[in-house]
Amino acid sequence: MRIIIGLFILFIIATSSFAQNIDQSDIPAVVVNSFQLRFPNAENVNWKLINGKYFLDFKLNSKLNRLTLDYKGKVLAHSKDLYSSEVPDFVHQAIAKRLTYFDIHDADWHEIGDSTLYEIRFKQDDKNQFFWVNTNGEIVKYRKELNESEIPNPVLSLIDKQLGKLDFEQAKSVEENGNIIYIIRGEINNRDYVITIDDKVTLLKLEYDIKENEIPKAIIYSLNDMYSNYDIRDADLVKENEKIRYILRIRKSGGQNYLIFDQNGNKLDLNR
């Protein structure tokens, strides 16, 4: 299920400014034909390209659909909006085991290969909750927003000891495969941080703002070679699994792009 959810996250990236907009006339005929054969009545089609995959959103029967195709036109992922009345009973029953009352605000259907997930979103006590349920009626992932008081004290203590005093902004917990992680956003020493810690109080991922003069020179050299006329508008440092990455937002003439580099100035794929 991690692969499935990962591809859905990649689609979100593709629909943001990370991706390159492309005209349908610039897309290989095999890809366009594959799409049109499957969805001949599609309307308002928008195409994007990222890392050799084609991402598109379109309307079908007044519903938003999202599709991922490879370079041969093979469907890698398909998502579509659902009406609340279309959510199967087994999905309601799975969520009801966790919550006594809920009122579905939004629902999506996701498919990759032979696997299908239902994504359910709603608010409870003014906090967003998300459930991903498979066709066996099993909750494979659960995410909810948290108040600062709902974060375990050992997690907050770790942040205080290793990073400094946190000015809390928002947080969420994510439960998947029996594990829980806490993703916490806030400010430390006048820097914006996003901190990921698991329920064993292990620091998994750290992302924070950096100044332009803190970007390694190797990255600046690479950036000048590839994007010499762009200005750096924002920079973040990401530490995860003992690896360091730098995410840069650059802008030129009203357009912007996101780039990822390692500390040696090598440009990385956006989904790495």
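Which ³J(HN,Hα) values in Hz, rounded to whole numbers, follow from the phi angles of the stretch 66-81 under the Karplus curve 6.51 cos²θ - 1.76 cosθ + 1.60, where θ = phi - 60° and Gly and Pro get x?
Each residue of the stretch 66-81 in turn: 10, 9, 10, 10, 8, 5, 9, x, 6, 6, 8, 7, 9, 10, 8, 6 Hz.
What lysines sit close enough to K63 to cross-link, taking a C-alpha to C-alpha distance under 27 Å and skipping anything fewer than 8 places away on the same chain?
K48, K53, K72, K74, K80, K123, K127, K141, K144
Rounded to two decimal places and with Rh computed the Kirkwood way over Cα pairs, what is Rg over Rh for the stretch 170-272? Could you put the intermediate results ahead of the total?
Details: Rg = 15.5 Å, Rh = 15.0 Å.
Rounded to two decimals, Rg/Rh equals 1.03.
Pop out the carbon and sulfur fraction of the accessible area of the stretch 146-264 as a percent, whole number, probe 1.4 Å.
Values: 2740 of 7070 Å².
Roughly 39 percent, rounded to a whole number.
Could you derive backbone 3J(HN,Hα) for the stretch 140-151 from the dihedral phi with the Karplus parameters 6.51, -1.76 and 1.60 (θ = phi - 60°), listing whole Hz in sequence and x where the residue is Gly or Pro?
9, 7, 9, 10, 8, 6, 10, 7, 4, 5, 8, 7
Any idea how far apart D26 and Q162 come out in nm if each label point goes 7 Å out from Cα toward Cβ?
Inter-label distance under the simple model: 4.2 nm.
The values are calculated or read from the model by the stated rules, or taken from the named source; none is laboratory data. No experiment lies behind these values; they were computed from the predicted model shown. Virtual Cβ from ideal backbone geometry, glycine too; neighbours counted across all protein chains shown. Heavy atoms of the whole protein, side chains included, go into the accessibility calculation; ligands, DNA and RNA do not. Shrake-Rupley method; radii C 1.70, N 1.55, O 1.52, S 1.80 Å.
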